[in-house]
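The values are calculated or read from the model by the stated rules, or taken from the named source; none is laboratory data. From a predicted model like this one, the values you see are computed outputs, not experimental measurements. Cβ placement follows ideal geometry from the backbone for every residue including glycine, while neighbour counts extend to all protein chains displayed. Calculation scope for accessible area: heavy atoms of the full protein, side chains included, ligands and nucleic acids excluded. Shrake-Rupley method; radii C 1.70, N 1.55, O 1.52, S 1.80 Å.
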Amino acid sequence: MVARRRKRAARHPEDCIPSPLGYAAIPIKFSEKQQASHYLYVRAHDARQGTKSTWPQKRTLFVLNVPPYCTEESLSRLLSSCGLVQSVELQEKPDLAESPKESRSKFFHPKPVPGFQVAYVVFQKPSGVSAALALKGPLLVSTESHPVKSGIHKWISDYADSVPDPEALRVEVDTFMEAYDQKIAEEEAKAKEEEGVPDEEGWVKVTRRGRRPVLPRTEAASLRVLERERRKRTRKELLNFYAWQHRESKMEHLAQLRKKFEEDKQRIELLRAQRKFRPY
Amino acid sequence: MGPAPAGEQLRGATGEPEVMELALEGTGKEGKKASSRKRTLAQPPAKGLLQPVKLSRAELYKEPTNEELNCLRETEILFHSSLLRLQVEELLKEVRLSEKKKDRIDAFLREVNQRVVRVSSVSETELTDQAWLPAGVRVPLHQVPYAVKGCFRFLPPAQVTVVGSYLLGTCIRPDINVDVALTMPREILQDKDGLNQRYFRKRALYLAHLAHHLAQDPLFGSVCFSYTNGCHLKPSLLLRPRGKDERLVTVRLHPCPPPDFFRPCRLLPTKNNVRSAWYRGQSPAGDGSPEPPTPHYNTWIMQDTVLESHSQLLSTIVGSAQGMKDGRALLKVRLRQRELDKGQGGFTGFIVSRLGVFLVCTRKIHTTMSGYQVLRSVLQFLGEATRWGKARGPGLCQEPALADFHQAFSVVFLDSSGRLNLCADVTASTYHQVQHEARLSMMLLDSRADDGFQLLLMTPKPMIRAFDHVLHLRPLSRLQAACHRLKLWPELQDNGGDYVSAALGPLTTILEQGLGTRLNLLAHSRPPVPEVSWAGSRVPRDTKDIPFLQLDSGTLTLGLLLRPEGLTSVLELGPEADQPEAAKFRQFWGSRSELRRFQDGAIREAVVWEAASMSQKRLIPHQVVTHLLALHADIPETCVHYVGGPLDALIQGLKETSSTGEEALAVAVRCYDDLSRLLWGLEGLPLTVSAVQGAHPVLRYTEVFPPTPVHPASSFYEPLRERSSLLPRLDKPCPAYVEPMTVVCHLEGSGQWPQDAEAVQRVRAAFQLRLAELLTQQHGLQCRATATHTDVLKDGFVFRIRVAYQREPQILKEVQSPEGMISLRDTPASLCLERDTKQLPLLTSALHGLQQQHPAFSGVARLAKRWVRAQLLGEGFTDESLDLVAAALFLHPEPFTPPSSPQVGFLRFLFLVSTFDWKNNPLIVNLNNELTVEEQVEIRSGFLAARAQLPVMVIVTPQDRKNSVWTQDGPSAQILQQLVVLAAKALPMLEKQLMDPQGPGDIRTVFRPPLDIYDVLIRLSPRHIPRHRQAVDSPAASFCRGLLSQPGPSSLMPVLGYDPPQLYLTQLREAFGDLALFFYDQHGGEVIGVLWKPTSFQPQPFKASSTKGCMVMSRGGELVMVPNVEAILEDFAVLGEGLVQTVEARSERWTV
């Protein structure tokens, strides 16, 4: 390891960190204490022609390889030296569209454990992006003034957060169900209104709520019908009645035996290869 | 920075490359992708993997030939199935002697013959004067008493004949023995040679002289003595050719008297041929008491006289019948696998051959039968207790003589002359064992479902794996004292001083009587027959080399097959005190017998053993055996080494030493029963509870360490009053680990449920909240509700109640096609939900039922899981899959019986894991016997067709016939392979330890994982390992975990499921799962093993989607991505701050 470090130091002076085409590399470390650093690979976000991207052009910085201990807040703090940061979004994979902003319930969708992520950082001004591209590291995620919890600290605080507040949960459930009930009621009212009313071409939609119940349009139901039909048909058929049928069923039996025999032979071959026939 | 050749590491970890081939290719998850499937189809079939057979239509439906039809018909009539027929043929091919070898053996035999008849004669001397023997040559006999009247001279044999199995063509590989009878010339023998071992002395001298001459011949690679069937009076000379043929053949020379030399009437079992006056050196007793008969001694002489005639008889009756030959070869293989044919008093191939002849004579077998049918008929005959109860004699014997034979021997099987008992040396327990095995084999052959061939003929049954408990008696010289204590002098005289044989019968009888209802079968090891090499330095006269004396340093091993029903009682009920049998009972049990008054008013003799827990009750046989042996045979406890529960220590709880946790589990289950009753009776829920089902390992008795009631000490925690919970504190060690036990709660059906997945979740959450409220209100239980479950604290146990809605998986599955057709498609979420709320409770209740049938199930399953986890592989296997493998040992024990002790169950677990062909077979666990034979066949064929889509390890249960849900997410092929390799290594090691009569040594050796295969070791600080005390090597001191022994004032919810190592591992896997594998023992492991994935170290071109933890560097002018190892190693420490002590990179394992 030591030898390797020396070699690399000789090859690359500190100021030239290799980075892929179009990206700039910024070293990032958890704190002062660490020796080696990870590298953020950053690029100005630009969507190709024809693809839709909700991130603002020019003002968005695309960041790869964000270490797991780096949160949105700390990333925003680290990049604020380049210009005012409007928003930071951490994602599992690069994704052109902005994720739906609707707040996901923390009760029903607990936050996943983070791994290495990608980030989209939106600055207020385009100058922020260019400043970030020129940034020389190393960035420190956790400093004395802004400590980031990890290890035991993090787990204990996570545990404390995970102890739920039943009242909040109740409130959330109630509001959701109210909205849901309302939605259902509206849909029902609409369906009732349209019941039996022909559309412009004169078709009437048949629904479950009609006067006569109809077969539900599910796969299981249609399979059931088919099965019933098939059974009806087989009941009428005669088995081994004609001479040719008899002959054929015999032949079928023989074919089965042959097939079985081939399978067995294969099995034996395999066992022989594994030397399974040596009782010693 | 270079890639780590982790491929080599894995190989290094898994042993020989040959084993590595077994790793699955083309199966597993990759196979699911359409593209790769196409590729595998195009390729030739992967090696060692069965493929579904594809025959063209023309081939399948062509006109059958006559030959083919005959062959098919024969298979149907003579064999079980075509597979069995092929298997039997293969096996016979393997064990049969090839013609080429036969020729070589014949040539060797001719050489031997020439040399034997040319040995020079010696002039006549007194028997006691053995000075004529050259220096260094000793007589291979224990000559006590030494003084015998008579003269000896050596003359070349009158006749040299090959007898036995070689002649009949039924000898089987690997060790081929050719028996050669040397007829001693009549001039050597005198009248009355049958008396006082004179014949045996002459026989031994004859051999000694012969050996001396043959040893100088360069033809022979080795010349040594052995003892015919272990009988120490009858040495035989073993000759092996020199050079490359040394292993090919062993020629055994047996001297025998000229025909008609001994008068048969003098050798009947009632006659005495060893005079007490001579044997004990006393003057003849004047009181005229009759001399004791010497049946065994007589039989041994008789055996020599009939060697040739028996050989002739066999060849005339069954000589040419191929089926008989095959059948006998199969039977010999079977006896060999069961270790029944070896040693003194074994059930030899010769007896089996004679049995075959007998069955032909009585028309049970016809000579046209196939080998398989012969095998079946013989087994059937052996198994039928009533007819072959104690005796069997072909028609020729006279009735009065038969009674004499029964008097003298425990097993009687007379030859056609009616004078020789062929089973004279076979003890009653050996015979019972043979019978037991025959019955098991018949059951196996009749069951038709499994691979009977493999289990019947190819699976070895060593004693330690076949019997529940095993005990060693050592040193054997104690048995001499036992003989005197049991007053066995006539037997000693009969056996020529062999006290092991003399004492064996009476000892086993005593033990069988004492163990009574606890015992199913008692078997003893047969003393092995030694081979004494002919080297001048080692003289056979040394007591070491005589069979029974040689065992002075050796041991006698007894195996006990226990009866689980009998094990539950601690009482041995005797007769009522005033009955005459009471005295007998008192005498049998000695001081342990007490008068006791029972509830029904009876006053009886009884013996009560001390045992509180299940594990102690299992070890009552130990108490019985030591007590009886000390009382009746004068064998002190120090000489009895009982192997029954050394492995129990590994599943014992933290503080207790007397129980293996069955009781603690039962307490938890009772508490669960109470809770379910409360749930049933709950008032005020919108829908009533319709079913409560357990879904946690505790509730099926398979949790390795049963939960104990928790009483948290409040000072140790940070209280969170408003939510009535406790939180861990930073300045204290990690609190005790409390795992909530999952309980699934079904509600009655209702049409009011919403039909939308999100809404169903909300309604369920509302139920969880309501449940918590009601339980608190109505029963005062501490509850905590979340969106998916409600945690309930009851009597110190924490239960996690999950409300389930039956239709929810279906709602999750519903997919609407563009035409508006609603179809059901499995989604990950629906499968997961179905597994948790439907299949898991079913499995739990089925295994709970299994535990009621087989009390040892809990111990076996827990030991097995303990071992897998201790090998750091626990996370590759789901809890349920390991439970099912353990259940298979009970439901499909063939060729054994269901285990009754954790020890034997664990050994069989290791055996099953290491030998099962996971690639080509599903493990069918027929819970509740729900699968019929036809269904099993169907499952097997379906398995073959769908192999590529199925996981590496496939376990089929009646509830889960296709998907193998418990192994869907692992293990991977590599992990399974690693487990197989480890099990194959652990099994012989553990068996050796347990069979070591000196004591097993450190039984935890096989539980310690090999750490040298890992690339990085992360050492954890014990302060934050909550289950530190559960480690295999339990630490002498650990940290206080904030528990009180008594219920404290605080009734807040304890810290649940807080296990820092597990949280740490989750983070590691999420962040570095693409680069490395992490291994950890959840039961108090102090180290995490990290293995780099071989593929991740290959330099990759830069891709925006896969930069996780990598860095870009230029190599050869190109920019490539490689893992940033140094930073990653530091990340290991950062992510586990406080928990991680050191990160030990073994950089020598990967190239830099």
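Here are some notes:
- Restricting the range B:812-826 to residues that are surrounded by 10 or more Cβ atoms within 10 Å (Cβ to Cβ) and of a type in the set (Asp, Glu), the residue that is nearest to the other protein chains (Cβ to nearest Cβ): B:814
- No other residue among B:908, B:940 is within 14 Å of chain A (Cβ to nearest Cβ), under 30 Å from residue B:853 (Cβ atoms), of a type in the set (Lys, Arg) and in a helix (DSSP H, G or I) apart from B:940.
- Enumeration of residues in the range B:894-920 that are open to solvent by 20 Å² or more (accessible area, probe 1.4 Å) and over 15 Å from residue B:982 (Cβ atoms): B:894, B:897, B:898, B:917
- Of all residues in the range B:467-484 being in a helix (DSSP H, G or I) and open to solvent by 10 Å² or more (accessible area, probe 1.4 Å), the one that is farthest from residue B:996 (Cα to Cα): B:484
Every residue, every condition in (1) surrounded by fewer than 18 Cβ atoms within 10 Å (Cβ to Cβ); (2) hydroxyl-bearing (Ser, Thr, Tyr); (3) modelled with pLDDT of 85 or more, yes or no:
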residue	(1), (2), (3)
B:179	no, no, yes
B:190	yes, no, no
B:194	no, no, no
B:203	no, no, yes
B:214	no, no, no
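- Among the strands (runs of 3 or more DSSP E) confined to the range B:1074-1117, the ones with at least 2 residues that are closer than 23 Å to residue A:94 by Cα are located at B:1110-1115.
- Of the residues making up the range B:556-571, those that are farther than 25 Å from residue B:473 by Cβ and either touching a His at 6+ places or on another chain (Cβ under 8 Å) or not aliphatic (A, V, I, L, M) (or both) are B:564, B:565, B:568, B:569.
- Residue within the range B:710-724 that is open to solvent by less than 20 Å² (accessible area, probe 1.4 Å), more than 14 Å from every other protein chain (Cβ to nearest Cβ) and either acidic (Asp, Glu) or not in a loop (DSSP other than H, G, I, E, B) (or both) present: yes
- Members of the range B:1001-1050 that are of a type in the set (S, T, N, Q), at pLDDT below 85 and surrounded by 14 or more Cβ atoms within 10 Å (Cβ to Cβ): B:1034, B:1038, B:1050
- Which numbered condition residue B:585 fails, given (1) part of a helix (DSSP H, G or I); (2) aromatic (Phe, Trp, Tyr); (3) under 24 Å from the mean Cα position of the chain (by Cα): (3)
- Screening the candidates A:72, A:32, A:92 for the property of being acidic (Asp, Glu), modelled with pLDDT of 75 or more and closer than 20 Å to residue B:1110 by Cβ yields one hit, A:92.
Residue by residue, here is whether (1) part of a loop (DSSP other than H, G, I, E, B); (2) over 35 Å from the mean Cα position of the chain (by Cα); (3) modelled with pLDDT of 50 or more; (4) at the interface with chain A (Cβ under 9 Å from one of its Cβ atoms) holds:
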{"residue": "B:10", "(1), (2), (3), (4)": "no, no, no, no"}
{"residue": "B:18", "(1), (2), (3), (4)": "no, no, no, no"}
{"residue": "B:24", "(1), (2), (3), (4)": "yes, no, no, no"}
{"residue": "B:27", "(1), (2), (3), (4)": "yes, no, no, no"}
{"residue": "B:58", "(1), (2), (3), (4)": "no, yes, yes, no"}
{"residue": "B:83", "(1), (2), (3), (4)": "no, no, yes, yes"}
{"residue": "B:108", "(1), (2), (3), (4)": "no, yes, yes, no"}
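- Strands (runs of 3 or more DSSP E) completely within the range B:756-822 that count 3 or more residues being closer than 19 Å to residue B:672 by Cβ: B:782-785, B:790-794, B:797-804
- Hits in the range B:938-973 - residues which are of a type outside the set (S, T, N, Q) and free of Cβ contacts under 8 Å to residues at least 60 places away in the same chain: B:938, B:939, B:940, B:942, B:943, B:946, B:954, B:956, B:958, B:961, B:962
- Condition met for residue B:875 (open to solvent by 10 Å² or more (accessible area, probe 1.4 Å), at pLDDT below 90, assigned to a loop (DSSP other than H, G, I, E, B) and acidic (Asp, Glu)): no
- Residue within the range B:201-217 that is in contact with a strand residue (DSSP E or B) (Cβ under 7 Å, 6 or more places away or on another chain), more than 17 Å from residue B:162 (Cβ to Cβ) and of a type in the set (Ser, Thr, Tyr) present: yes
- Residue match in the range B:615-628 (condition: over 29 Å from residue B:574 (Cβ atoms) and of a type in the set (Lys, Arg)): no
- Qualifying residue in the range B:497-510 (condition: among the aromatic types (Phe, Trp, Tyr), surrounded by 20 or more Cβ atoms within 10 Å (Cβ to Cβ) and not assigned by TED's automatic domain parsing to the domain that holds residue B:629): no
- Odd one out for residue B:778 among (1) more than 9 Å from chain A (Cβ to nearest Cβ); (2) without any contact (Cβ under 8 Å) to a residue 24 or more places away in the chain: (2)
- In the range B:351-374, the residue that is surrounded by the fewest Cβ atoms within 10 Å (Cβ to Cβ) out of those that are of a type in the set (Lys, Arg) and over 21 Å from residue B:92 (Cα atoms) is B:363.
- Residues that are closer than 14 Å to residue B:241 by Cα and buried (at least 20 other Cβ atoms within 10 Å of the Cβ) within the range B:81-104 are absent altogether.
- Test: residue in the range B:1094-1110 that is among the polar types (S, T, N, Q), at the interface with another protein chain (Cβ under 10 Å from one of its Cβ atoms) and open to solvent by 20 Å² or more (accessible area, probe 1.4 Å): yes
- Scanning the range B:112-124 finds one or more residues that are in a strand (DSSP E or B) and acidic (Asp, Glu).
- Verdict on residue A:267 being under 29 Å from residue B:58 (Cβ atoms) and either in contact (Cβ under 8 Å) with a residue 24 or more places away in the chain or within 12 Å of chain B (Cβ to nearest Cβ) (or both): yes
- Wholly within the range B:612-685, helices (runs of 4 or more DSSP H) carrying at least 3 residues that are farther than 30 Å from residue B:1084 by Cα and under 26 Å from the mean Cα position of the chain (by Cα): B:620-633
- Residue B:1063 vs. criteria open to solvent by 20 Å² or more (accessible area, probe 1.4 Å), within 30 Å of residue B:864 (Cα to Cα) and at the interface with chain A (Cβ under 8 Å from one of its Cβ atoms): yes
- Looking across the range A:111-142, just one residue is away from every other protein chain (no Cβ under 12 Å), open to solvent by less than 40 Å² (accessible area, probe 1.4 Å) and hydroxyl-bearing (Ser, Thr, Tyr), and that is A:120.
- Test: residue in the range B:170-177 that is assigned to a strand (DSSP E or B) and touching a residue at least 40 places away in the same chain (Cβ under 8 Å): yes
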